[in-house]
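Worksheet for the structure shown next.
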Amino acid sequence: MSNPDSATQDKTPAFRYVGKLAQQIEAKWQDRWDENQTFHVPNPGDANFDASKPKQFIMDMFPYPSGVGLHVGHPLGYIATDLYARYLRMKGFNVLHPMGYDAFGLPAEQYAIQTGQHPRITTEKNIANMQSQMRRLGLGHDPQRGLATIDVEFYKWTQWIFLEIYNSWYDDEADRARPIATLIEKLESGAIPAGDGETNPEGKTWTQLSQNEQAAIIDSHRLAYLAEIPVNWCPALGTVLANEEVNAEGRSERGDHPVFRRPLKQWMMRITEYCDRLLDDLEPLDWPEPIKKMQRDWIGKSKGAEVDFLAVEPGGDSSGTSFFESRKKLGWAEGSPIEELAIRVFTTRPDTLYGATYMVLAPEHPLVDQLTQDEWPETTVEAWKGQFPGSPEGASPKEMVQSYRAYAESKSDVDRQKDEKVKTGVFTGSFAINPVNGHLVPIFIADYVLMGYGTGAIMAVPAHDERDFEFARQFELPTPIVVEPPKKWKKKNIKDGELVSAFSGEGKAVNSEVIDGLETQEAKAKIIGFLEEQGLGKGAINYRLRDWLFSRQRYWGEPFPIIFDEDGQTIALTIDDLPVELPEVDNYAPETNDDPDSKPQPPLGRAKEWAKVTIDGKEYARELNTMPNWAGSCWYYLRYLQPQNNNALVDKEVESYWMHSAKKGKEKGDTYDPQTSHIGGVDLYVGGAEHAVLHLLYSRFWHKLLFDLGHVSTPEPFGRLFNQGYVQAASYKNSRNFYVEASEVEEKDGQFFFEDEEVKREFGKMGKSLKNAVSPDEMCETYGADTLRLYEMYMGPLEASKPWNTRDIVGVYRFLQRLWRNLVDEDSGELLVTDNAPDEETERLLHKTIAGATKDMESLGFNTAIAKLIEFNNHLTSQEKISRSVAEPLVQMLSPLAPHIAEELWEKLGHTDGITYTDYPVANPDLLVEDSIELPVMINGKVRGKINVSPEANPKELEEAALANERVAESLEGLSIKKVIAIPGKMINLVAK
RNA sequence: GGCCCGGUGGCGGAAUUGGCAGACGCGCGGGAUUCAAAAUCCCGUUGGAUUACUCCAGUGUGGGUUCGAGUCCCACCCGGGCCACCA
């Protein structure tokens with residue numbers, strides 16, 4: 001056939017709702033929306049602002065503009081927020097619903113390195129492509145509030161926030177961040193001591209200190225600071241990497257190159273100052289509970305005690321059995337040299353202190369050198385002398401320790417995980433005194449103790465800690481019980497009088513002098529009191545969260561607004577110097593090599609001219625690192641409020657309107673009523689659960705900083721968070737374990753074939769790598785965007801992961817076709833509605849549908865909302881002509897879900913102003929009440945009959961009606977009723993024997 | 001290893017506070033329409049027994065609480081996710 005379309009073209013009615021017509025309608029309304037700026041919402045102070053309306057700020061996690069474009073999995077959340085935003089507009093809210101791009105980052109830079117093209121060019125091209133894909137889906141984002149983190153006018157404010165953080169300190173007294181000037185006041189007045197032993201060893205007063213000394217002390221308080229810390233250094237990529245950019249094998253996520261832990265001087269952010277507030281403020285947030293838990297775990301607050309163990313002087317008498325005696329023997333007094341060898345440990349179980357039989361320090365612990373002896377003490381057990389692969393034979397403690405440290409450093413994280421159960425370590429040759437019972441305990445180093453947590457040293461209580469127990473068994477150390485385990489446990493875990501595993505539960509303290517007989521919680525409190533009295537320790541709290549590594553050796557990121565003078569003193573630029581724009585360079589690639597000991601060379605160093613700044617004839621060097629990808633995403637939501645403001649991050653009045661919490665308190669239950677549940681910040685933030693900790697934690701941290709400094713009016717950025725599920729899809733692997741193009745796989749009798757070869761089916765997250773991506777453009781072409789939107793929402797609940805199945809799309813496609821055909825003549829395109837009133841049944845069903853759909857829309861239950869519309873539309877299909885008074889609310893209910901077809905029908909219904917800002921239909925409660933309802937009658941819990949009664953019928957009436965039922969009577973033959981449970985409006989249950 | 005989430009027809013999924021399991025859609029079967037097909041419309045569709053009325057079983061497995069359990073409790077199995085020697 002020369003023209004395959006001609007046959008179908010002749011027969012398909014001109015106004016049948018098929019892909020082609022859908023596309024025409026969609027293009028028409030997308031243009032109309034643009035022309036009218038339909039989705040732009042004005043700010044307070046703007047000409048058209050309607051101050052009488054309440055507000056809703058509905059937002060997605062903004063995407064990275066990838067070069068391959070969207071697949072149908074990406075817009076799931078965007079469609080949901082668009083639906084919800086459209087619904088809220090019809091409910092009379094001022095709705096802020098913007099979209100932006102998280103556009104700095106490694107992929108664009110890598111592409112630039114390969115092609116030599118500036119990353120800005122490719123990134124902007126990708127953004128334009130994604131924008132047109134989103135436009136085609138009919139997403140109603142505010143056209144005047146778009147942004148990208150790479151826009152100079154945007155990152156100017158990212159840099160400004162950095163300066164605000166740099167120029168502030170954490171005032172513990174006020175429990176908030178304050179400008180650095182207030183710190184200087186306190187230093188000058190002596191309210192805060194001028195430095196510590198490290199920054200001010202001679203204990204000078206503030207005014208006696210030199211300028212550089214003063215600067216060092218101020219720097220040590222700043223919330224953004226430079227520090228030399230161990231970081232993930234990847235020489236092959238030439239950059240340091242964040243932990244999340246390093247995979248489980250200890251290699252770079254990108255390129256699979258080796259990564260080394262090396263101490264390097266980097267920018268840090270003092271997020272640890274905010275641990276408690278980040279923890280406490282989670283409570284009132286309307287967030288998924290698992291996400292809150294992940295944040296809590298990440299912050300990792302644990303309560304316990306810090307206890308000082310004193311190391312015994314080399315060659316000291318080790319025969320002491322009581323602490324107080326040892327203390328005397330050792331001549332322990334204030335200022336005695338031995339006091340410098342206090343080893344501080346952190347423990348969450350101070351109640352087990354009497355069971356501490358040895359100590360372990362992290363291999364990097366600063367006291368290790370001092371503690372390591374030249375000779376093994378006489379009492380050294382053979383097993384203590386070193387257990388680790390490649391330990392030298394017959395070595396001295398010094399050699400052993402040195403060798404072990406080298407071993408531990410070389411060990412990758414994977415190796416560590418692999419032999420989690422097998423402990424390694426070395427005895428230092430030194431002993432310490434257990435402060436409560438005076439026992440001498442050997443001091444080991446082992447890599448199961450981490451320098452980064454607590455004090456980097458532990459007291460080991462092998463009977464009550466799994467890890468300590470494992471170590472003790474290997475190193476032949478005693479395991480005395482100091483917490484009484486339950487009898488059952490003892491039966492199982494004590495064999496031949498020997499402990500088989502550690503008891504880490506709670507119970508009565510035993511063999512513990514002052515706390516004997518106390519339950520764990522009381523014992524903890526009492527022993528902490530005792531330690532504090534004796535000056536041996538104190539109650540303490542520890543956090544797992546570390547300060548945030550904030551610099552990268554990359555080109556494609558925000559430059560720091562920081563310069564250095566010739567002494568290396570840090571100098572912050574001011575707002576007038578912003579933005580600090582990225583320089584042009586001829587090569588975007590970082591220096592790369594294979595040498596783990598090489599130093600990072602930031603690519604910005606190549607911009608020799610840019611890197612030097614001359615101010616008042618003096619030369620300064622620019623900071624050459626750039627900010628991490630998280631910087632822009634930490635605060636972008638605030639810029640949506642007023643992206644064009646050149647004088648401030650955002651105007652106070654504008655910020656307060658969109659962010660400020662007018663009403664407080666979270667409603668119990670899962671449903672969310674935007675009228676009453678309002679705790680401030682963004683009203684709905686939708687995105688994937690993969691950002692549970694990093695982005696959402698960093699963002700909360702910055703927001704709290706900005707709150708402390710008076711730039712925002714709410715303590716939290718996102719009042720309500722919702723995690724959408726993933727779109728999964730079938731992927732197919734051939735016999736050589738390669739993925740094959742899923743779209744070309746054919747199914748025959750439950751088996752799958754690709755090019756006649758049988759392939760295996762799996763299910764996974766949709767994406768390029770599994771070769772199972774389905775493009776939204778393709779779907780829009782075949783069915784139209786409205787059908788695609790409906791299908792994505794109809795697949796299942798928004799929060800669930802569910803498989804994509806192109807075959808199923810026809811279901812919602814047919815729904816739209818049927819609805820269209822119910823209202824429009826397929827041949828003439830003319831409207832089919834009548835002005836006559838609908839029949840009562842239809843009217844009742846309409847109002848039931850309105851009530852149901854409203855409830856579903858409010859709780860983001862779009863799948864069931866659609867089901868209700870389908871059900872109602874199916875009912876209408878059998879009617880000759882649809883009443884206008886039914887058609888109009890139906891089209892309105894459809895409009896958030898399938899806005900283009902709804903606009904078109906609305907126009908056909910004779911309205912000229914568009915459907916977007918019309919009022920969502922309201923159910924008439926009178927029509928929701930039925931005269932008579934059908935209730936089940938159960939006998940012994942099994943349905944034996946149905947009765948028709950008034951919904952208000954009382955239990956007595958129900959019982960009478962039930963007994964009058966023929967089938968019920970039959971089933972009751974030979975039985976006598978023992979009990980009747982009748983619940984009005986629900987059911988009747990007859991208990992009979 | 002720890003913690004979290006989930007398991008309902010051939011498939012995706014519905015089921016207020018415990019109260020008629022399987023809404024709605026896909027697929028499948030049957031019918032109407034058509035010269036035929038596509039499209040459309042109607043009927044059926046958890047399994048088993050039954051001509052039928054109807055009966056029995058049934059929400060991963062095993063126990064429990066209850067007049068009544070997909071829903072609550074205990075133990076276990078399977079799948080997915082997060083963390084992983086955090087003292």
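What nm value, rounded to one decimal, do you get for the distance between A:THR182 and A:ASP516 when each label is placed 7 Å out toward the C-beta?
5.3
Pull up all non-local amide H partners of A:LEU264: gap of 5 or more, or a different chain, and H-to-H distance under 5 Å with H placed in the peptide plane.
So A:LEU264 has HN proximity to A:ILE229, A:VAL231.
Figure the gain on full extension for A:GLN208 and A:ALA191 (residue separation times 0.36 nm, minus the Cα-Cα span) and round it to one decimal in nm.
Full extension from A:GLN208 to A:ALA191 adds 4.5 nm.
How far, in degrees from 0 to 90, does helix A:180-189 lean away from the longest principal axis of the Cα atoms of chain A, to the nearest 10?
Approximately 30 degrees, to the nearest 10.
In whole Å, what is the distance between the alpha-carbon centres of region A:677-723 and region A:777-800?
Their Cα centres are 29 Å away from one another.
Relative contact order for chain A: what is it in percent, counting Cα pairs under 8 Å that are at least 6 residues apart?
Value for chain A: 14 percent.
Taking amide H positions as placed in the peptide plane 1.01 Å from N, state which residues far from A:ALA148 in sequence (5 or more) or on other chains have amide H under 5 Å from it.
A:TYR101
So which lysines pass the test for A:LYS979, namely a Cα distance under 25 Å, with those fewer than 8 places away in the same chain ruled out?
Straight-distance partners of A:LYS979: A:LYS942, A:LYS946, A:LYS956, A:LYS993.
So how tilted is helix A:785-794 from the main axis of chain A? Cα-based, degrees 0 to 90, rounded to 10.
Approximately 60 degrees, to the nearest 10.
On full extension of the chain, what length is gained from A:SER66 through A:ASP825, given 0.36 nm per residue of separation minus the C-alpha to C-alpha distance?
268.9 nm
Sorted from largest to smallest, which semi-axis lengths in Å does the alpha carbon gyration tensor of region A:89-171 give for its equivalent ellipsoid, taking the root of 5 times each eigenvalue?
27, 26, 8
Suppose all protein chains stay in the model; what accessible area per residue would a 1.4 Å probe give for chain A, in Å²?
That works out to 46 Å² per residue.
Convert each backbone phi in region A:455-461 into a coupling constant with the Karplus relation 6.51 cos²θ - 1.76 cosθ + 1.60 (shift: θ = phi - 60°), then list the ³J(HN,Hα) values in order as whole Hz, x for Gly and Pro.
Here the 3J(HN,Hα) series is 9, x, 8, 10, 8, 9, 10 Hz.
How high is the relative contact order of region A:396-549, given as a whole-number percent (alpha carbon pairs under 8 Å, six or more residues apart)?
It comes to 14 percent, rounded to a whole number.
Which whole-Hz couplings ³J(HN,Hα) result when phi for each residue of region A:442-447 is put into the Karplus expression 6.51 cos²θ - 1.76 cosθ + 1.60, θ = phi - 60°, listed in order with x for Gly and Pro?
Whole-Hz 3J(HN,Hα) from phi for region A:442-447: x, 10, 10, 10, 7, 7.
For labels at A:ALA992 and A:SER410 in the simple 7 Å Cα→Cβ model, what's the distance in nm?
It works out to 8.4 nm between the two label points.
Relative to the longest principal axis of chain A, what angle (0 to 90°, nearest 10) does the C-alpha long axis of helix A:862-877 take?
10
So what is the calculated 222 nm ellipticity per residue for chain A, using -39500 (n - 2.57) for each DSSP H run with n of 4 or more, over all residues, to the nearest 500 deg cm²/dmol?
Value at 222 nm, helices only: -9500 deg cm²/dmol.
A:PHE718's amide H: which non-local residues (gap 5+, or another chain) put their own amide H closer than 5 Å, with H modeled 1.01 Å from N in plane and none for Pro or chain starts?
A:VAL682
Within region A:450-534, list the GluC sites (Glu not before Pro) lying in a DSSP loop whose Cβ has at most 14 other Cβ atoms in a 10 Å radius.
A:GLU476
Quick one: Karplus J couplings for region A:363-373, per residue in order, coefficients 6.51, -1.76, 1.60, θ = phi - 60°, nearest Hz, x for Gly and Pro?
Going residue by residue, I get x, 8, 4, x, 8, 4, 4, 5, 7, 6, 8 Hz, with x marking Gly and Pro.
Could you pull out which residues in region A:780-794 have an amide N less than 20 Å from a spot 7 Å beyond the Cα of A:ALA14, following the Cα-Cβ vector?
Taking a point 7 Å out along Cα→Cβ of A:ALA14, no residue of region A:780-794 has its backbone N under 20 Å.
Please go through the residue pairs A:LYS733/A:LYS802; A:LYS186/A:LYS704; A:LYS20/A:LYS91; A:LYS881/A:LYS986 and name each one whose alpha carbons sit more than 29 Å apart in this structure.
A:LYS20/A:LYS91; A:LYS881/A:LYS986
Let me cross-check A:LYS20: its accessible surface, 1.4 Å probe, with only protein heavy atoms counted, in Å² to the nearest 10?
130
log10 I(q)/I(0), Debye, Cα-only chain A, no solvent, q = 0.05, 0.08, 0.09 Å⁻¹?
-0.44, -1.01, -1.17
When the accessible area of chain A is split by element with a 1.4 Å probe, what percent falls to carbon and sulfur?
Answer for chain A is 48 percent, counting heavy atoms of protein chains only.
Take A:ALA128, project a point 7 Å from its Cα along the Cβ direction, then tell me which residues of region A:81-110 have their backbone nitrogen under 17 Å from it.
Counting only backbone N, you get A:101.
Separation between the A:HIS660 and A:THR877 pseudo-spin-labels, each 7 Å from Cα along Cα→Cβ, expressed in nm?
In this crude spin-label approximation the distance works out to 5.3 nm.
Express in nm, to one decimal, how much length is gained between A:VAL585 and A:GLU778 on full extension, taking 0.36 nm for each residue of separation and deducting their alpha carbon distance.
Between A:VAL585 and A:GLU778, full extension yields an extra 65.5 nm.
What do you reckon, how do A:TYR166, A:TYR813 stack up by accessible area (1.4 Å probe), largest on top?
Reading off the accessible areas and sorting them downward yields A:TYR813, A:TYR166.
The values are calculated or read from the model by the stated rules, or taken from the named source; none is laboratory data. Keep in mind that what you see is a predicted model, and the values were worked out from it rather than measured. Methodologically, a virtual Cβ is constructed for each residue, glycine included, from the backbone with ideal geometry; neighbour enumeration extends over all protein chains shown. Calculation scope for accessible area: heavy atoms of the full protein, side chains included, ligands and nucleic acids excluded. Shrake-Rupley method; radii C 1.70, N 1.55, O 1.52, S 1.80 Å.
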